[in-house]
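Read through the structure below, which is laid out as structure tokens, and then see the notes.
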Amino acid sequence: MLRRRRRRPAAGDPARPHQDRLPLVWTNTCCGHPAPGEDMADAVHRRLADELGVRATELRMVLPDFSYRASQDGIEENELCPVFVARITGEPEPRPDEVEDLAWWSWSRFRAAADDPDSGLSPWARLQAPLLDALADPLLVGARS
């Protein structure tokens, strides 16, 4: 599942700190953003429930050392972002203040978008795609079929 990040908040709208960065890009399902002292997997579970109203099963970290840099409109992101995969249960109920849109993409569509700099896919998802493609994780192998 990919989500499109929310538009920049209008003046006077309450905003979460990350909402002014790279709006309206298609990107990974969610970001964990662990709280101080919070286990990374617990953060992923919390954010999936909070942002999308779904539960993860078979959650596991597959790219523990993934990092990226991205710039847009004078904003620079330079983050270490371990990547997890999971099965999702429940019907997504995205928070409108977090998510503009949701879509299920086939693996081939995701890979094609990752290879196209004008696809609207986030810079970090474009970098993750070939790394994920090289893994033999059963969840990823099943998604490719």
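Rounded to the nearest 10 Å², what accessible area does ASP137 have for a 1.4 Å probe in the complete protein model?
Roll a 1.4 Å probe over it and ASP137 shows about 20 Å².
What is the calculated FRET efficiency for VAL141 to GLU93, with r their C-beta to C-beta distance and R₀ = 41 Å, to the nearest 0.05? Display every interim value, and only then the final one.
On the way: r = 29 Å, r/R0 = 0.70.
The formula returns an efficiency of 0.90 here.
Going by Cα centres, region 75-145 and region 23-40 are how many Å apart?
Using only Cα atoms, the two centres lie 12 Å from each other.
Could you tell me the accessible area of THR57 in Å² (1.4 Å probe, neighbours in place), rounded to the nearest ten?
My reading of the accessible area for THR57 is about 40 Å².
The values are calculated or read from the model by the stated rules, or taken from the named source; none is laboratory data. From a predicted model like this one, the values you see are computed outputs, not experimental measurements. Using ideal geometry, Cβ is built from the backbone for each residue, glycine included, and neighbour counts are taken over all protein chains shown. In case anyone asks, the SASA skips ligands and DNA or RNA and just uses the protein heavy atoms, side chains included. Shrake-Rupley method; radii C 1.70, N 1.55, O 1.52, S 1.80 Å.
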